[in-house]
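Trainee: Can you keep this structure in mind? I'll have questions shortly.
The values are calculated or read from the model by the stated rules, or taken from the named source; none is laboratory data. Predicted model only: the values in this text are computed from it and were never measured. For neighbour counting, all protein chains shown are included, and Cβ atoms are generated from backbone atoms with ideal geometry for every residue, glycine included.
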Amino acid sequence: MNAFRIALLFLAVGAAVGLNLCIGDVWLSPRQAWSTLFASGNDALRDSGINQIIWEIRLPRLLVAAVVGISLSVSGYVLQALSRNYLADPYLTGTSSGAGLAVAVALFAGADFALLPPIAFIGGFAASITAAILARSPAGLSISKLLLAGVALSAFCGGLITLLLTTSKNQTLSQVVFFWLAGGISGRSWSELIPSSAYVGLAVAAVFVLSKPLRLLSLGQQAATSLGLNVSKAQSALLVCAIVLCGAAVSLSGLVGFVGLIAPHLARSLFGRDERIQIIASALIGATLVLASDLAARTLGQGQELPLGTLLSLVGGPFFLWQVFHRKGEAL
């Protein structure tokens with residue numbers, strides 16, 4: 001049954017990829033998309049306008065969407081397991097707000113747009129590491145303190161961003177910062193995708209390898225220690241993976257919420273207690289969710305692209321409220 005469900009998730013990702021390749025301002029048939037994607041070097045399609053649409057616009061964009069979905073979903077899964085709280089979210093570590101503040105300061109300082117992804121990654125990583133340092137205690141890392149420190153840092157950084165936006169005399173630049181914070185992957189290219197994909201691939205592989213320690217930590221620190229696990233080292237390694245994943249996602253897409261909440265919930269409900277399968281399922285669900293949302297973002301608006309983060313919030317909010325209602329009387 002698990003193999004069948006995983007196969008369905010792979011089919012869902014494949015369908016989302018196909019739709020993103022074919023649908024847009026210029027509609028392509030599946031045959032056109034397939035022929036262009038796998039054209040030989042001597043094929044005339046390699047020099048056509050369709051080739052440019054596929055290879056320079058749609059393919060890097062859909063791959064960015066998939067990477068963002070995978071990053072946020074696996075990061076959310078790790079944080080929920082570490083904190084033993086299914087309400088935990090990747091952005092609660094302060095990553096998103098730190099990245100947002102770094103981007104806002106950089107833009108107002110005159111930084112080039114090409115530098116935004118690495119700036120966002122550095123800002124998000126710095127904020128998360130600060131939260132982790134604040135959450136340290138003689139007994140080790142407290143995940144509850146980490147999330148509280150992340151919330152406090154998010155509020156502080158959010159206040160600074162609001163201050164920058166409201167006091168700026170450059171309204172055009174303020175709008176640029178606002179739309180980046182609203183989330184989206186318009187205009188993303190291979191140059192931004194390739195380095196982020198490397199970080200994400202390594203971090204997801206590390207989480208997969210550390211699935212057994214993650215399972216023990218989900219039982220609680222005392223239980224994990226009694227079973228022979230070095231809790232401090234395991235927590236630190238998994239937390240770094242979660243922060244890298246979230247930082248990579250924010251650097252590519254801005255602030256995109258709820259993926260790290262929805263995907264792990266669905267994966268756990270579909271695949272019981274097998275952590276490795278849950279990690280794979282979370283990644284596939286997250287990729288499908290962001291691919292579908294990005295397709296909606298660029299096709300539903302009349303003459304303009306809708307913010308990806310806003311669309312996911314409109315979907316994620318009701319979904320999560322339904323989850324809370326459905327589990328009434330149960331522990332989340």
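Trainee: Of the numbered conditions (1) of a type outside the set (D, E, K, R); (2) at pLDDT below 90; (3) part of a helix (DSSP H, G or I); (4) surrounded by fewer than 24 Cβ atoms within 10 Å (Cβ to Cβ), Trp55 satisfies every one except a single condition; which is it?
Mentor: (2)
Trainee: A further question follows. Only one of Leu165, Leu160 is at pLDDT 85 or above and either farther than 28 Å from Ala88 by Cα or outside any helix (DSSP H, G or I) (or both); which?
Mentor: Step by step, each of Leu165, Leu160 is checked, and only Leu165 is at pLDDT 85 or above and either farther than 28 Å from Ala88 by Cα or outside any helix (DSSP H, G or I) (or both).
Trainee: Turning to a different aspect of this structure: Among the candidates Ala281, Ala292, which residue alone is in contact with a helix residue (DSSP H, G or I) (Cβ under 7 Å, 6 or more places away or on another chain), part of a helix (DSSP H, G or I) and buried (at least 23 other Cβ atoms within 10 Å of the Cβ)?
Mentor: Among Ala281, Ala292, only Ala281 is in contact with a helix residue (DSSP H, G or I) (Cβ under 7 Å, 6 or more places away or on another chain), part of a helix (DSSP H, G or I) and buried (at least 23 other Cβ atoms within 10 Å of the Cβ).
Trainee: Could you tell me whether segment 236-249 includes any residue that is over 20 Å from Thr95 (Cβ atoms), surrounded by 24 or more Cβ atoms within 10 Å (Cβ to Cβ) and at pLDDT 85 or above?
Mentor: No.
Trainee: Among the residues of segment 209-259, write down those that are more than 16 Å from Arg136 (Cβ to Cβ), part of a helix (DSSP H, G or I), free of Cβ contacts under 8 Å to residues at least 60 places away in the same chain and among the aliphatic types (A, V, I, L, M).
Mentor: The answer is Val209, Leu216, Ala223, Ala224.
Trainee: Within segment 58-78, identify whether any single residue is among the hydrophobic types (A, V, I, L, M, F, W, C), in contact (Cβ under 8 Å) with a residue 12 or more places away in the chain, over 18 Å from Ala283 (Cα atoms) and surrounded by 15 or more Cβ atoms within 10 Å (Cβ to Cβ), and answer yes or no.
Mentor: Yes, segment 58-78 contains at least one residue that is among the hydrophobic types (A, V, I, L, M, F, W, C), in contact (Cβ under 8 Å) with a residue 12 or more places away in the chain, over 18 Å from Ala283 (Cα atoms) and surrounded by 15 or more Cβ atoms within 10 Å (Cβ to Cβ).
Trainee: Moving to a separate point now. From the list Ala65, Ala131, Ala81, which one is assigned to a helix (DSSP H, G or I), closer than 21 Å to Pro195 by Cβ and either modelled with pLDDT of 85 or more or within 19 Å of the chain's Cα centre (by Cα) (or both)?
Mentor: Of the residues listed, the single one that is assigned to a helix (DSSP H, G or I), closer than 21 Å to Pro195 by Cβ and either modelled with pLDDT of 85 or more or within 19 Å of the chain's Cα centre (by Cα) (or both) is Ala65.
Trainee: Checking Ala109 against (1) closer than 30 Å to Trp55 by Cα; (2) exposed (fewer than 13 other Cβ atoms within 10 Å of the Cβ), which single condition isn't satisfied?
Mentor: (1)
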